[in-house]
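Notes to accompany the following structure.
The values are calculated or read from the model by the stated rules, or taken from the named source; none is laboratory data. Treat the numbers as computed from the prediction; the structure is a model and nothing was measured. Here the Cβ positions follow ideal geometry from the backbone for every residue, glycine too, while neighbour counts run over all protein chains shown. With ligands, DNA and RNA removed, areas are computed over all heavy atoms of the protein, side chains included. Shrake-Rupley method; radii C 1.70, N 1.55, O 1.52, S 1.80 Å.
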Amino acid sequence: MSKQNSKNEFIKVGIIAKAHGIKGELSLKCLAESPDLLQGDVFIGKSQPDAKPAKVLKTRNHHGNILATISGVVDRNQAEELRGSSIYIPASKLPQLSDDEVYLYQLHGLAVSTRNDDGSKSHLGTIEAIETPSGQELWHIRTDSGKEVIFPAVEEFVVSIDLEQKETIIAPPPGLLEIYL
């Protein structure tokens, strides 16, 4: 599996929720495991293609969100203009992973197959979305017929992930697929 990050790939790590105070400070919802990724050079925009370079000068925790000071944003009006914008970083800025780890964004769009008793594979669908409520990773898999399967992506049910082949093989618990299909 390749663990190299594309230099042209950008990852959303935060969303600007609102202005905070009168001096241009922003309240951010952090989407990254580590708020440290919100530091320094970032890109801000309503969508990735529209994102412009920016620099986060400082951050601090505040009631479950992150408050940030961004270069050039000096008053509440400028901060309000950024409400709803996303904060992106180059994928190359992400920490290097070990060989048995992947980033969640790398799973989007992967083909999902199940392993048959005879060792062959059966195509199930494609990973459409990933959620982590209460720390439990759930994959939303869209089948070719348009049905959605919500799969608990725990180590015992994920046989392999091959980013080069853009495929993952799963071994769902008995009865799970029957609930959805």
Residue match in region 56-75 (condition: assigned to a helix (DSSP H, G or I), open to solvent by less than 90 Å² (accessible area, probe 1.4 Å) and farther than 30 Å from T168 by Cβ): no
Which residue is farthest from A32 (Cα to Cα), if the candidates are limited to region 82-98 and must be loosely packed, with under 12 Cβ neighbours inside 10 Å and out of contact with any strand residue (DSSP E or B) (no Cβ under 9 Å at 6 or more places or on another chain)? S98
State all residues of region 25-39 that are in contact with a Leu (Cβ under 9 Å, 6 or more places away or on another chain), assigned to a strand (DSSP E or B) and either open to solvent by 60 Å² or more (accessible area, probe 1.4 Å) or within 15 Å of I11 (Cα to Cα) (or both); if no residue qualifies, say none. C30
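Within region 155-170, can you find the residues that are surrounded by 11 or more Cβ atoms within 10 Å (Cβ to Cβ) and not in a strand (DSSP E or B)? Even if it seems obvious, please write down each step before you answer.
So in region 155-170, the residues surrounded by 11 or more Cβ atoms within 10 Å (Cβ to Cβ) come out as 157-163, 165-170.
Selection gives F157, L163, Q165, K166.
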Checked region 103-125 for anything under 30 Å from V42 (Cα atoms), open to solvent by 40 Å² or more (accessible area, probe 1.4 Å) and in contact (Cβ under 8 Å) with a residue 40 or more places away in the chain; matches are Y103, Y105, G109
Matching option when the condition is of a type in the set (S, T, Y), in contact with a Lys or Arg (Cβ under 6 Å, 6 or more places away or on another chain) and at pLDDT 95 or above, among S85, S92: S85
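Consider K12 carefully, then state whether it is surrounded by fewer than 18 Cβ atoms within 10 Å (Cβ to Cβ), touching a strand residue (DSSP E or B) at 6+ places or on another chain (Cβ under 6 Å) and free of Cβ contacts under 8 Å to residues at least 12 places away in the same chain. Give the derivation first.
Numbers: surrounded by fewer than 18 Cβ atoms within 10 Å (Cβ to Cβ): yes; touching a strand residue (DSSP E or B) at 6+ places or on another chain (Cβ under 6 Å): yes; free of Cβ contacts under 8 Å to residues at least 12 places away in the same chain: no.
No: the conditions fail for K12.
Kindly evaluate E128 against the criterion of being surrounded by 11 or more Cβ atoms within 10 Å (Cβ to Cβ) and either within 13 Å of the chain's Cα centre (by Cα) or free of Cβ contacts under 8 Å to residues at least 60 places away in the same chain (or both). Give the derivation first.
Details: surrounded by 11 or more Cβ atoms within 10 Å (Cβ to Cβ): yes; either within 13 Å of the chain's Cα centre (by Cα) or free of Cβ contacts under 8 Å to residues at least 60 places away in the same chain (or both): yes.
When the stated conditions are applied, E128 passes them.
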